[in-house]
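Everything below concerns the one structure shown next.
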Amino acid sequence: MKSNRITIYSIVAGIVLGILGGPVFILIPWALVSLVVGYFSKTQKEMLVNGFVFGFFASFFFMFKGYAGVDPVITKSPFFAALGGFGGVCGLVLAFIGSLVKKIVKK
């Protein structure tokens with residue numbers, strides 16, 4: 001059950017930080033949250049999933065919020081999802097680093 005909570009927190013944090021996103025400085029909180037997600041994940045699988053989920057939602061909602069085009073936003077969703085996938089990979093990498101930090105700290 002606790003692993004599900006971390007996933008839910010990752011989704012909520014991704015949505016909130018994605019919507020709040022603005023200048024490039026938003027990348028600092030995104031990176032810190034990804035590290036924390038990795039640190040508090042219990043297993044490798046959980047860490048990978050949670051890191052990806054956070055990065056995906058943060059990137060997707062950042063682009064969704066910032067869209068100001070003429071076409072309906074639904075037509076851009078596949079593009080947003082693809083770029084969200086890149087954000088997910090970034091979140092996954094940082095979550096992995098967070099899990100490594102946990103291993104170092106616990107030694």
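The values are calculated or read from the model by the stated rules, or taken from the named source; none is laboratory data. Small disclaimer: the values here were computed from a predicted structure and weren't measured. Glycine gets a Cβ as well: all are built from the backbone with ideal geometry, and neighbour counts include every protein chain shown.
Before moving on, here are some points about what is shown:
- Of note, residue 49 satisfies the criterion of being part of a helix (DSSP H, G or I) and out of contact with any strand residue (DSSP E or B) (no Cβ under 7 Å at 6 or more places or on another chain).
- Residues located in region 29-46, provided they are crowded, with 20+ Cβ neighbours inside 10 Å and either at positive phi or not in a helix (DSSP H, G or I) (or both): 41
- When region 12-28 is filtered for residues that are modelled with pLDDT under 90 and surrounded by fewer than 17 Cβ atoms within 10 Å (Cβ to Cβ), the ones remaining, listed by number, are 19, 20, 22, 23, 24, 25, 26, 27, 28.
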